[in-house]
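Below: the structure, in structure tokens.
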């Protein structure tokens with residue numbers, strides 16, 4: 001007789017690995033299928049994530065995981081074509097265990113995570129793709145992969161932003177261009193010492209640096225630089241509909257970004273070693289598919305569980321937390337032997353109780369608020385213009401900041417509009 | 001000197017290119033389209049406009065799914081490459 005798994009996890013990214021790990025630890029028979037040649041082969045991200053959620057699952061993971069650097073400094077910058085105004089936060093706390101954030105390259109990290117899952121007792125089958133779901137009436141009872149039928153009590157779709165399984169199951173989640181951002185990234189190799197000198201880092205310290213303003217030519221999105229051990233992750237993230245409708249290519253924005261006077265010198269002498277691209281679901285609960293049906297749970301990017309509060313898009317924590325919640329739901333369902341939607345509804349309850357759906361609800365208005373072109377044009381220009389007036393000495397009598405703000409904003413935006421945006425911003429983010 | 005064009009950047013990447021084309025683009029449907037969102041949405045420049053015709057090459061595809069979403073004419077039949085084929089990120 002064919003082996004029937006307790007659970008088949010589709011996709012070995014952070015959601016799938018977290019789920020597989022938790023299931024295998026509880027002694028369930030688990031198969032994780034991954035379409036890439038190895039876990040991580042198809043995956044990319046900007047490159048920085050917060051540690052606590054993964055630390056709950058694998059305490060002290062940083063000691064064994066292929067971490068590039070731990071983040072000691074978070075920096076935000078406004079760009080105009082020439083100028084750059086920055087805000088940087090650092091504290092000795094970020095240098096202490098458990099570290100707050102990490103930079104990571106997915107090809108290495110996911111491979112490590114999948115190995116952990118395997119060591120815990122799950123079967124990880126790379127180079128195997130879930131082509132379709134197996135059904136018994138309205139109940140999902142496994143997957144079809146590589147011409148075989150693989151039965152399971154529960155299937156957990158961790159198959160990423162272009163989730164084929166959620167759509168095959170009719171749970172919705174059909175992506176629209178206004179609900180996704182496109183990220184393009186270059187990994188640029190530089191000697192360790194050069195990175196540390198240029199970014200004022202020592203040892204394994206790293207920086208997570210986000211940019212807003214001219215780098216997206218006014219389109220909703222931003223730029224980023226994350227420091228790896230001996231490379232930089234440099235990229236641009238832009239709303240997909242904005243690229244198409246404004247006839248702008250993300251690579252052209254990336255080239256402009258790399259040539260910016262404040263950036264170019266940081267990248268000088270570096271060698272391109274990889275160019276990658278990916279979509280990010282950014283509309284949160286406004287685009288979320290149904291999270292479960294009979295015999296099926298949907299997690300991570302496949303369920304659009306990404307928090308966008310403005311500049312920073314956070315998905316990895318949500319992927320890990322939802323993967324763990326899906327595992328706990330499956331473990332509970334196995335105890336009762338009930339794998340129907342009624343039983344799997346526990347998954348949604350768990351997410352409602354955790355930061356996953358709480359955060360997405362708190363910031364449900366953020367995606368719409370962040371669509372305002374002013375945020376990417378007028379405000380960065382205003383900030384840089386104001387800073388220039390504050391920091392330039394031209395031999396003339398000085399003016400008070402309020403007067404400088406009035407001068408800098410003149411003809412660009414009314415102070416009334418700024419106040420209105422601040423009010424809406426307070427509500428949304 | 002680092003490449004600045006998409007084509008040259010893709011040459012740095014590692015691919016296992018399949019004989020089978022995983023994305024099919026219906027050229028007849030493209031003829032009825034005058035906005036060609038695909039040209040700007042594809043980060044790998046797989047879509048090109050040559051003498052008024054959209055041509056598509058799958059080899060450099062980064063499997064992001066952008067073309068599937070931006071084409072509102074339904075000209076893009078998007079499936080993933082066979083497992084083990086396509087882009088193979090070494091950094092990610």
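Each reported figure results from applying straightforward, stated rules to the coordinates on display, with no laboratory input. Everything numeric here is computed off the predicted structure, so don't read it as measured data. Ideal geometry is used to build each Cβ from the backbone, glycine not excepted, and the neighbour counts take in all protein chains shown.
Observations on the structure shown:
- Once the chain from residue A:88 to residue A:371 is taken as fully extended at 0.36 nm per residue, the excess over their C-alpha distance is 99.4 nm.
- Folded to 0 to 90 degrees: helix A:14-25 orientation relative to chain A principal axis, Cα: 40
- Estimated FRET transfer efficiency when R0 is 35 angstrom, pair residue A:426-residue A:96 (beta carbons, to 0.05): 0.60
- Distance from the alpha carbon centroid of the range A:321-355 to that of the range B:25-92 works out to 37 angstrom.
- Label point distance in nm, residue A:414-residue A:396, each placed 7 Å from Cα along Cα→Cβ: 2.6
- Share of pairwise Cα separations in the range A:97-227, more than 21 Å, in percent: 64
- Between residue A:176 and residue A:312, the contour length at 0.36 nm per residue exceeds the Cα-Cα span by 46.9 nm.
- Alpha carbon centroid spacing (whole Å) that separates the range A:370-384 from the range A:135-179: 40
- Placing pseudo-labels 7 Å out from each Cα toward the beta carbon at residue A:362 and residue A:115 gives an inter-label distance of 3.6 nm.
- The tail of the calculated P(r) for the range B:25-65 beyond 15 Å holds 34 percent of all Cα-Cα pairs.
- Between the Cα long axis of helix A:250-259 and the first principal axis of chain A there is an angle of about 40°, rounded to the nearest 10.
- Computed on the Cα atoms alone, the convex hull of the range A:314-429 gives a volume of 128 cubic angstrom per residue.
- Which of A:164, B:17 has the fewest Cβ neighbours within 10 Å, and the rest in rising order: B:17, A:164
- Listed from fewest to most Cβ neighbours within 10 Å, the set B:16, A:241, A:131 follows the order B:16, A:131, A:241.
- Rounded Å value of the spacing that divides the Cα centres of the range A:1-34 and the range A:53-71: 21
- Summarised in one figure, the compactness ratio Rg/Rh of the range A:364-421, Cα atoms and Kirkwood Rh, is 1.07.
- Debye-sum result for the range A:155-247 in log10 I(q)/I(0), which assumes one identical scatterer on each alpha carbon, at q = 0.13, 0.14, 0.15 Å⁻¹: -0.64, -0.71, -0.76
- Computing Rg and the Kirkwood Rh from the Cα coordinates of the range B:48-92 gives a ratio, Rg/Rh, of 1.01.
- The base-10 log of I(q)/I(0) for the protein assembly as shown, evaluated at q = 0.08, 0.10 Å⁻¹, reads -0.51, -0.80 [Debye formula, identical scatterers on Cα atoms, solvent excluded].
- Helix A:415-428 vs. chain A, principal-axis angle (Cα, 0 to 90°, nearest 10): 20
- Cβ-Cβ FRET estimate between residue A:194 and residue B:77, R0 fixed at 51 Å, reported to 0.05: 0.65
- Descending semi-axes in Å of the range A:193-277, equivalent ellipsoid built from Cα gyration tensor: 26, 12, 11
- Where labels lie 7 Å past Cα in the beta-carbon direction, separation of residue A:353 and residue A:138 in nm: 2.6
- Shape summary: the range A:212-347 maps onto an equivalent ellipsoid whose semi-axes, from the alpha-carbon gyration tensor, are 39, 17, 11 Å in decreasing order.
- Among the residues of B:79-88, the average count of other protein chain beta-carbon atoms within 10 Å of the residue beta-carbon is 6.
- Mean ellipticity per residue at 222 nm, deg cm²/dmol - from DSSP H runs of n ≥ 4 across chain A, formula -39500 (n - 2.57): -10000 deg cm²/dmol
- Least to most buried among A:69, A:198 (fewest other Cβ within 10 Å first): A:198, A:69
- Annotation: chain B has a Kirkwood hydrodynamic radius of 13.9 angstrom, from the mean reciprocal C-alpha pair distance.
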